[in-house]
1. Expressed as a rounded percentage, what relative contact order does the chain have, with Cα pairs under 8 Å and six or more residues apart?
2. For region 85-243, go through all pairs of different Cα atoms, get the mean of 1/r, take its inverse, and jot down that Kirkwood value in Å.
3. Do any chymotrypsin sites (Phe, Trp or Tyr not before Pro) in region 143-184 lie in a loop, going by DSSP, with at most 12 other beta-carbon atoms within 10 Å of their beta carbon, and if so which?
4. Let me spell out the model: positive unit charges on the Cβ of Lys and Arg, negative unit charges on the Cβ of Asp and Glu, origin at the Cα centre of the chain. What dipole size does that give, in debye rounded to 20?
5. For the charge dipole of the chain, defined by +1 on Lys and Arg C-beta atoms and -1 on Asp and Glu C-beta atoms about the Cα centroid, which residue among Leu108, Gln287, Ile129 has the Cα displaced farthest towards the positive pole?
6. Tell me which lysines have Cα within less than 30 Å of Lys378's Cα, excluding those fewer than 8 residues away on the same chain?
7. So, with +1 on the Cβ of K and R and -1 on the Cβ of D and E, and no other charges, what is the size of the charge dipole of region 1-140 about its Cα centre, to the nearest 20 debye?
8. Okay, helix-only estimate at 222 nm for the chain: each DSSP H run of n ≥ 4 adds -39500 (n - 2.57), divide by all residues, round to 500 deg cm²/dmol; what do you get?
Amino acid sequence: MRKEMLVFGQPLIDQSEIDEVVDSMHKAWLGTGPKVHQFEKDFAAYKGVSHSAAVNSCTAALHLACLALDLKPGDEVITSSMTFCATVNAIIHSGATPVLADINPQTLNIDPASIRQKISPQTRAILVIHFAGYPCDMQTISALAKEHDLALIEDCAHAIETEYDGRKAGTFGDFGCFSFYATKNITTGEGGMVTSPHEELINRIKIMALHGMSKDAWKRFSDDGYKHYYVVDRGFKYNMMDIQAAIGLHQLKRIETCWEKRRMIWQRYMNEFKDLPIDLPAEISSQHRHAYHLFTIRIDSERCGLSRDEFLEAMTRLNIGVGVHYLAIPEHPYYQETYQWNPQDYPHAALYGHQTVSLPLSPRLSDEDVEDVVAAVKQVLG
């Protein structure tokens, strides 16, 4: 057993990030400023898009994307029953009604057949999640959106490096929404980004992200002198800080190196666990690219001789941090009470939510850390 806890999802922070943050401190520009705007440009270049807006979380990105569509009460947005609550909450806070679709039990992504069944005259948009970094079936989903004249939002919180048929996740629809939370493939501590092919919508998002003001704070207080502003839209306090962007600038520079490290750990897990009585993640086609954000296994109590929660407890006793991504959305009391959602109506998501475990997968892991994870899994499963 390890002497110290292996913390799940610890980010890899190098001296370059530390130096950049210190530089911001010395310059005393802490809020939205030149580093945020440079991070926006660099991220847009990486994704191959023209327009991007940095915000303080992926939740804010999703909310602003929904608001930019001018959704009205009674409008419906179809999304996955297997996601973090932020995805659904963004729809709710925009005034629209979330409608859940079930998942493909192999890829864990939203099932296009289930999307088609849920489309109604009130449907305005589809919000997909590239779960764990595995790309959704964007060919079929994009065709559905076009056929029914629906907006398309991509929740890419897990999918910064993900590609589908050589095209980067977040570039298929009207908006791509990204997360830079502490456990994500690129981190700014807290942070997010919206990308879009629509310049006018990104401009509106930038205004809504800072109180609805017509000028960014850094432009109002620039060397050119004070700039007056007007409130032109209902807004929020969703802007990113330069201190956050200072971290992201260097995280982005190492994105491929870190992706390769996670890929190697992923393959090690796949090889070590292939003969164990557990279900492993779906293999990725050579046509696509997996972001390798989460390595999820499934613990079937009948096959494994213990429940998922017993497995979690056993791994924790061995000082291996693990995660659960996620209980299905219809399992949560608020959504059951508000929308009368029943887990039994989403059987694939419900079953997965009771069996899933996420193992440590970070470029920060040493070879010894990976050995400890492998040994712990094999020990717990006997």
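1. Relative contact order comes out at 23 percent.
2. 17.3
3. none
4. That gives the chain a dipole magnitude of about 620 debye.
5. Farthest towards the positive pole: Ile129.
6. Reachable lysines: Lys3, Lys184, Lys261, Lys274.
7. In debye, rounded to 20, region 1-140 gives about 260.
8. For the chain, the value works out to -12000 deg cm²/dmol.
Rule-based calculations on the coordinates, nothing more; no lab input. All values derive from a computational prediction rather than experimental measurement. When we count neighbours, we look across all protein chains shown, and the Cβ atoms used for this are built from the backbone with ideal geometry, even at glycine.
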